1. Of the numbered conditions (1) open to solvent by less than 30 Å² (accessible area, probe 1.4 Å); (2) modelled with pLDDT of 90 or more; (3) farther than 22 Å from P402 by Cα; (4) not in a loop (DSSP other than H, G, I, E, B), S295 fails exactly one; give the number of that condition.
2. Just need a number here: residues in region 261-292 that are more than 38 Å from the chain's Cα centre (by Cα), among the acidic types (D, E) and either at pLDDT 85 or above or open to solvent by 40 Å² or more (accessible area, probe 1.4 Å) (or both).
3. Does L258 satisfy being modelled with pLDDT of 90 or more, over 30 Å from V172 (Cα atoms), open to solvent by 20 Å² or more (accessible area, probe 1.4 Å) and over 30 Å from the mean Cα position of the chain (by Cα)?
4. Within region 129-143, restricting attention to residues that are open to solvent by less than 90 Å² (accessible area, probe 1.4 Å) and over 32 Å from the mean Cα position of the chain (by Cα), which residue is farthest from H116 (Cα to Cα)?
5. Which of the residues belonging to region 2-50 are within 60 Å of the chain's Cα centre (by Cα) and either surrounded by fewer than 16 Cβ atoms within 10 Å (Cβ to Cβ) or at pLDDT below 75 (or both)?
6. In region 319-333, how many residues are assigned to a loop (DSSP other than H, G, I, E, B), more than 27 Å from A352 (Cα to Cα) and open to solvent by 40 Å² or more (accessible area, probe 1.4 Å)?
7. What single numbered condition from (1) over 19 Å from H272 (Cα atoms); (2) open to solvent by 10 Å² or more (accessible area, probe 1.4 Å) fails to hold for D388?
Amino acid sequence: MPIGANVSRRRRVLCLSALLFGAILALRVAYGDTTDATLLLFVVPIALCAVEFGVRGGLAASTVAVALTLGWVVSDDYAVGPLGLATRATAYFVVGGVLGKFVDERRVLEEEVRRHYELSLDLFCTATFDGYFERLNPAWEKTLGHRQEELCSRPFIDFVHPEDRERTLAEVTKLAEAGIDTISFRNRYRTASGEYRCLEWQCHAVAAEERLYATARDVTRQQRAEAALQTHTELLERTVGDRTQALDEARVETLQRLALAAEYRDDDTHQHTERVGRTAASIARQLGLSEENVSLIRRAAPLHDMGKVGIPDAILLKPGKLTPDEFGLMQEHVGIGARILAEGKFAVLRLAREIAVSHHERWDGTGYPSGLAGEAIPLAGRIVAVADVFDALAHARPYKEPWPPEDVMAEIKRLAGQHFDPEIVKAFAALDHARLLEPVEDYDLKLPPPPLMTTVESNGKPAIPTELAVSAR
C-alpha cells in the first residue's frame, strides 16, 4: 500500500476514535444512571486504536479511557468505587495491550511473508482451474520479462513451449481432478524476448477454491549443465566401452591363438578349429538361432579342443589305434580345456568352456566325460559335436586318411539318434558341405562380432544366452 494512503487511513482512525470518546462522554452526561454500561463502551475505541496502531496505540487509548473514567468518578463522588475503577482500568489495558501486541506480531509476520514473496528469486503464483494466473510475485517479471498484467490476462498455457503443452495440461488435469501434488515437474516458458526458460514446479491444488498454489524455479542453467554432463558421461562410457571391448577381444584372441597352437600339432592345414567354428555357425543359423548367438558360437567353437595342448605327442600323434589307457589320457583334454577356460568373464569364454566339456557327449548317453544324454547335453555342445566329427573325418590326420564327403555325410546320418542329435543332423544335412570344406579365408560368413558379455546371471557373471544354454540337467 502507498505510504500516503497509509497515513490518511491512520488519520481517519484517530478522528473516529476521538469521536467515539466524545460520543461516549456525551452519553455519560445524558444518562448518568448508566455509568457501568457507558464505561464499557470505551472498549470500542481502545480496540480500534489497537488494531490500527498496535500495542502503543492500544495502550494510549486505554490511558485516555482510564483518565476519563477517573474524572467521572471524582465528579460523581466515587460513584464507581476504587475496586470498580481498578477493574475497568485493568480491562482497558488488557484489551489494548493484548490486542495491540497480537496486531504487532501479525504485522511483523505479514511483512516477512510479503518481503519473502516479493524478493524471492523463486516464482510464486496462484492460478485458477480454468488456466489463468491470479497472482504473481515480481520474480516472474524478472525471469521472463513479461509484465504481471500480461501474464494474468492470457491463459498460462499460451506461454508454454508447444512441445511441453500436452504434458503441462495433463499435469494440471491430474492436479485438479485427482489432487496429486506436482513434484519437480519441468516445462519451458517463453520470455518476452522469444527465448525459453526451463522452470521446475512444485504445485498443490485446493479443490474447494478451484485454485492452484505453485512455486517454480528457473533451472535453465542446471538443465544445460545436466545435458552437458550426460553427453560427457555418454562419451566417457563409449570410450571406456570401446577400449574395454578391444581389451576383451585381445584376451579372447590370445586363447584362440593358444587353441591354434594345439591344432598345429595334429593338423597340417592348421584350419581345423576355424572350420569347426564356421560349420557350427552355419548349423546354428540353419536351426534358426539369432544372429547374435550364431556369431557367439562362431567365436566360441574354435576353442573346443584347447585342452589338447596338455596331451603328449606320443598319444596325440599316434598313427594307430589308441590303447584303453591311452584313450583315457586323451579324454583328459576335456578337463584341461575346461580348466583353461574356467571362470571366464565373457560370454564367449563361458560358452567355449561349455562346448569344451560337452562336445564329446553322445545323444544316447555313451559319451564322456559326464555321460549326458539327449537334451541334457547343451545345445552348443551338440552342434559342435557334428561340426567336429564332420571336419575330422573329411581331413587327413596322423592316424587316418581323409574320407570322401559322401561317406562322411552317410556316417553322420547313420549316427543320428546314437551319437548325434537327430534335429541337428537334419539341419546339417541341408547345408552346402562342399563350401564347408573350403579354406576359411575363402568362406566369409560376414558375421558381426558378438558382444563379449551378453546377459548377466544373478551372481553378476556374464551368462550364456538362453538359446545356447542346456535345456535340462
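1. (2)
2. Of the residues in that region, 2 qualify.
3. Numbers: modelled with pLDDT of 90 or more: no; over 30 Å from V172 (Cα atoms): yes; open to solvent by 20 Å² or more (accessible area, probe 1.4 Å): yes; over 30 Å from the mean Cα position of the chain (by Cα): yes.
Judged against the criteria, L258 is not a match.
4. If we filter region 129-143 for residues that are open to solvent by less than 90 Å² (accessible area, probe 1.4 Å), which is where we start, we get 129, 131-134, 136-141, 143.
With over 32 Å from the mean Cα position of the chain (by Cα) added as a condition, the list becomes 132-134, 136-138, 141.
Details: Y132: 23, F133: 19, E134: 18, L136: 13, N137: 10, P138: 11, E141: 16 Å.
Here the answer is Y132.
5. Those that are within 60 Å of the chain's Cα centre (by Cα) and either surrounded by fewer than 16 Cβ atoms within 10 Å (Cβ to Cβ) or at pLDDT below 75 (or both): P2, I3, G4, A5, N6, V7, S8, R9, R10.
6. Initially, region 319-333 is screened for residues assigned to a loop (DSSP other than H, G, I, E, B), giving 319-323.
From the residues that got through so far, the ones that are more than 27 Å from A352 (Cα to Cα) too are 319-321, 323.
Filter once more, so that each one left must be open to solvent by 40 Å² or more (accessible area, probe 1.4 Å): 319, 321, 323.
Adding up the residues that qualify gives 3.
7. (1)
Here's the yes/no breakdown for (1) touching a Gly at 6+ places or on another chain (Cβ under 9 Å); (2) modelled with pLDDT under 85; (3) charged (D, E, K, R):
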| site | (1), (2), (3) |
| --- | --- |
| A61 | yes, yes, no |
| L83 | no, yes, no |
| G96 | yes, yes, no |
| K101 | yes, no, yes |
| V113 | no, yes, no |
| E149 | no, no, yes |
| C152 | no, no, no |
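The values are calculated or read from the model by the stated rules, or taken from the named source; none is laboratory data. Remember, it's a predicted structure, so these values are computed and weren't measured experimentally. When we count neighbours, we look across all protein chains shown, and the Cβ atoms used for this are built from the backbone with ideal geometry, even at glycine. Accessible surface areas use protein heavy atoms only, side chains included; no ligands, DNA or RNA. Shrake-Rupley method; radii C 1.70, N 1.55, O 1.52, S 1.80 Å.
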